[in-house]
Structure formats: structure tokens, C-alpha cells
Amino acid sequence: MADRSEKLIVGQRLKVLRRSLGLTQAQMAAELGVSASYITLIEANQRPASAKLLMKLAEVYDLNISELSPSVDAQLAADFGAAVKDPVLDLATLPRAEVEAVLQASPRLAAAFVRLHERHHESVLRPDDEDSPLADRDKVEVLAGSSRPVDAVRGWLYARRNYIDELDRAAEGMAGELQLHRSEPHLALTQRLAGHKIRARILPADVMGEQLRRFDPHNKELMLSELLAQPSRRFQIGVLLARLEQEAAISRLVEQSGIEEPAAVSLLRVSLANYFAAAVMMPYGRFLAACESTRYDIELLSHRFGTSYEQTAHRMSTLQREGARGIPFFFVRVDRAGNMTKRFSAGRFPFSRFGGTCPLWNIHAAFEAPGQMLTQVIRMPEGTSYFSIARTITRAGGMHGAPAQRLAIGLGCDVAYAPRLVYADGIDLGRTRPVDIGLNCYLCERPDCAARAHAPLNRRLKVNERERSLAIFNFETP
């Protein structure tokens, strides 16, 4: 890996942070255990900040390392970078330095440009999509990246670092009332449901059909399919309890979100109920303490809390309570075709809105080693390195003639946090060379990649009839 002492120029961000805290350079230096002159030089961009100093800043001031990274916001940087690569803008030769300069100087203007570009795509592509939605797969993928309900909800959660304080604290209170750390969780949750005069029933798969959960408000019954494993049954009871006991809080959060499209509103309500259910099963304080004591051992935590691997990994991406933060993980779920069916981030990991994921990322290799934990150090084009963990899971269901779907779960964090993870034991992070990956082939400009499926959007394909290289697609570079 590039030396993790690889340093960052963060002068402006450090100055903003210091002033927001009301500290002088001397006061901040004393709290960080460095000299005042060092802080002065960093703020003047005459000295870079080491990883050690960044970790100290995160510890002392309770913030994520990514908040001090050179880019304004990794997701905004990714979206803005993708927008300016649109061939219609004819900016193929625009230097990366100019893109970064705009992001640094005016992030709000860059965000407005991204929104305008999304609406442009939607207006241009939707007529063709309505005429023949399956005529051009690439066009369908781009269209799917425009502002739609899923993107609206994902964006709202991303802005909140995937943490919802009001629901999290309410769920922690319920878990305490039910004494889930002492009692049998399923029994305690069904008894809570009985307090609303609702009973939970486990029904045969042939009765439930394609449904895994169905609530009948008239007969006061929550019907659950026998195909659901015990953690999923508890989760679904928690979802209904959220609707019964947190309706006011959920409605208030939806109203505050500013989301108005009916489908997006419904999806946000579902997401909030799901969040509450997971937080009941894994109450914040106990779960964070267990994460730290086990060094974020997902499988051990699953046994301790009676949760599935996916539920546990997902919950680990929400530990961003002020004053009690866990590692800022990103969480993704990918199917065999490379489609990202879930994505959340407590940090600032950039996600692409279309085109799948990079085939060099080990989350795809997980399908070749079912059930095994794979680790990898990856580096994004802007230079940030992440420690990635990947493993397959099997979804609910599974019977003769209808096997259960297998998916891959990816969990990762800035590589600076890796020593806190049990999965990094035995890995020399200082000598490990990261795998350079991109958001996806449409947006990645790394040349000579044998795994590339498309040339970049803003580069012309280059074909040499007399040569054949490992890379299937070669393209012109500036």
C-alpha cells in the first residue's frame, strides 16, 4: 500500500474545524499534543497532515476522518465527476485539478450542477425509455440513476450518516423495557405485540405464497412465513412495533425530510420502520460496546444478539451517535450480476448511481468462496484507501425447485481504522499494496485494465487492428 503515512493537505478544513470549536491554534495544538507552529503550517497548506494526526483529531473532536479529507464530499465528488464526463458537455480534456478546484471553492454550486444534470438526463432519456424501455440496456442503466424514490431515500440517509437519533434512542428504550439482554427476544417481542392485542402466527410457505410477512389489521394478526429464519421473524415483529408505537416520530421525520413524491415517502417510512426494528434487536449502547470489545467480529456479534450476518453488518454502518461513535463503515449488498441492491454509508464512501460496481473489488470474488470472509485494501481514484470485508449470505426461502438467492455483503472503512478490526490481524497494512478500483467502468479512467467492461463515458474508444492486449477496451487519453 502506498505508505499510510501518505499525507493529506487539509489546511482549510482544519481551520474551519478549529474556528467552529472556538479554539486558538495554540489551544488546539495543546489538545492534540503537537506544537502550535505545526498547526500554523498545516492551516497554511505548507505541511501535510499525517494519518496519526488525523486519527488524533477524530478521537479528540469526535469526528470521522473522512470529514477532513481533501475532497469536499466523496459522494459529491463522485457525482460531480460523473456529470462533467457526460459527452454532451464536451469536457473530455478537463483536468482533474480543475474539477477538484470547483469542489473545493464552491461545493454548493457543484451540487446544484449535479441536480441539473440529473434532470437533464431524465428529460432526455425518458421519452426513449417509454417507447422502448428495453431497447438499450446502457440507456436503461443511466435512466435508473436519475432522481427516483430509491435515490431520494438513499440521499436522505447518506446526508444523516445513516444514523437516526430519535428512532435509535426510542428503540434502545424499548429494548431496555423488554430486558432483551436477559429475556428470550422472540418471546419478549411477541408479548409486546400482544399488548396491542395482536398475535404473531407462523404459517406454511404454501399458504403465504410469495409473501414473507403480511399484517391483517382487522383480525389483529401478523402472519410470518415459515421460510423466515428466527432473526428475520424478530425483525418483522420489530417493524410492526415501529408502526404501532413510533408512528408520530416516523411521520415527523418524513415531513422534515422534504421528500414529497408518494413512492419515495412510502419507501422512507418503510426504511425508518426497518431502522427501528434493527435498533431494538441491537440497542445502541450494548451493541457499540460489544463491537469494540470483539473488534467488530460480525459472526460473533450475530451469535451474541441473535441476529443474521446481514442485519449485524448493516447495523454496524449506523453507529454514529454524537459522543459515542463507532467506526464509520459503508455497507453494500450485491447480487451475482453486480447489481447493488443496498448501499449505506456512515462515512463518505462514494457510490455510483449507475453501471454496477468495479469487478476488481473483492465483493464479487465472494461468490467464488461462499461463506468465507474475504479482505482487501482498495484505493479509489481520488487516492483514499479503504479496508474491505466481503462474504456471501443466503436470503430467506429455499426449497426444492426454488433455491434461495445468494448475495454478497460488503463492509468497509477508511484503512486508518483497520487496526481496530479483528479481520486486519496478520495483515501488514504498511506493506500491503491496495487494489486500485473505480466506481464502475463507465466512470473509471484507469488505462490497461483487463477487467474493464466499457470505455469511459468521456473517452473515445481506441482500436488497433494490429495488436491485442489484456485490456479488451482501450481508449484515448489526454
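The values are calculated or read from the model by the stated rules, or taken from the named source; none is laboratory data. Model, not experiment: these values are computed from the prediction. Neighbour counts run over all protein chains shown; Cβ positions are idealised from the backbone, glycine included.
Summary table
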{"read-out": "Index of the failed condition, Val254 passing every other in (1) without any contact (Cβ under 8 Å) to a residue 24 or more places away in the chain; (2) in contact with a Leu (Cβ under 6 Å, 6 or more places away or on another chain); (3) more than 20 Å from Leu157 (Cβ to Cβ)", "value": "(3)"}
{"read-out": "From the options Arg243, Arg252, residue that is closer than 19 Å to Leu228 by Cβ and either in contact with a His (Cβ under 6 Å, 6 or more places away or on another chain) or at pLDDT 95 or above (or both)", "value": "Arg243"}
{"read-out": "Residue within the stretch 224-236 that is at pLDDT below 95, of a type in the set (Gly, Ala, Ser) and part of a strand (DSSP E or B) present", "value": "yes"}
{"read-out": "Residue in the stretch 423-448 that is surrounded by the most Cβ atoms within 10 Å (Cβ to Cβ), counting only those that are in a loop (DSSP other than H, G, I, E, B) and of a type in the set (Ser, Thr, Tyr)", "value": "Tyr442"}
{"read-out": "Residues within the stretch 157-184 that are among the charged types (D, E, K, R), surrounded by 13 or more Cβ atoms within 10 Å (Cβ to Cβ) and within 17 Å of Arg269 (Cα to Cα), tallied", "value": "3"}
{"read-out": "Residue list for the stretch 346-377, filter: at pLDDT below 85 and under 30 Å from Ala324 (Cβ atoms)", "value": "Ala346, Gly347, Arg348, Phe349, Pro350, Phe351"}
{"read-out": "Residues located in the stretch 383-415, provided they are aliphatic (A, V, I, L, M), more than 14 Å from Ala313 (Cβ to Cβ) and assigned to a strand (DSSP E or B)", "value": "Met399, Ala402"}
{"read-out": "Identity of the residue in the stretch 220-238, touching a strand residue (DSSP E or B) at 6+ places or on another chain (Cβ under 8 Å) and under 13 Å from Gln311 (Cβ atoms), that ends up surrounded by the fewest Cβ atoms within 10 Å (Cβ to Cβ)", "value": "Leu228"}
{"read-out": "Test: residue in the stretch 394-409 that is within 16 Å of Met340 (Cα to Cα), touching a Pro at 6+ places or on another chain (Cβ under 8 Å) and in contact (Cβ under 8 Å) with a residue 60 or more places away in the chain", "value": "yes"}
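Residue-wise test of (1) of a type in the set (A, V, I, L, M); (2) not in a helix (DSSP H, G or I).
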site	(1), (2)
His314	no, no
Thr318	no, yes
Val332	yes, yes
Phe349	no, yes
Cys358	no, yes
His364	no, no
Pro381	no, yes
